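Single-structure report; data block below.
The values are calculated or read from the model by the stated rules, or taken from the named source; none is laboratory data. The structure displayed is predicted, hence computed values, not measured ones. Cβ sites come from the backbone with ideal geometry, for glycine too, and all protein chains shown count toward neighbours.
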Amino acid sequence: MLCSTLTRNVLFIKNNKALERKEILTQVNEIFKDVLDNDDIVLTDATTAKDVEDWDSLNHIQLIVAIEKRYKFRFTSKEIHSWENVGQMIDCILAKL
């Protein structure tokens, strides 16, 4: 994976605001619910596209764009293709904050 693996429950600082890994996962979960129009989604670090109904290639792009807008950064294609699960996506988000 291109983004460094980070310790769970570590605090990250951006613009004087502490962000806990759990908080990022909660925010990403809300993005998934919104983009996929499914309030029943519950993400974990181990969640993959196979685990989430309607998480197909088109929606994957929409999820990435929504996450990039939320956190105001861009992922590289290599980063996106390196993720095997939501946990690796979260690691990459935290590495960019």
Q: Starting from the range 23-39, keep only residues that are more than 13 Å from Ala66 (Cα to Cα), then list their pairs with residues that are loosely packed, with under 15 Cβ neighbours inside 10 Å whose Cβ atoms are within a distance under 7 Å, requiring at least 6 positions of separation or different chains.
A: Asn38/Glu53; Asn38/Asp54
(Q) Of the conditions (1) more than 21 Å from Leu94 (Cα to Cα); (2) part of a loop (DSSP other than H, G, I, E, B), Lys50 satisfies every one except a single condition; which number is it? (A) (2)
(Q) Checking the structure you have, find out if any residue of the range 3-22 is out of contact with any Pro (no Cβ under 9 Å at 6 or more places or on another chain), at pLDDT 60 or above, assigned to a helix (DSSP H, G or I) and not hydrophobic (A, V, I, L, M, F, W, C). (A) yes
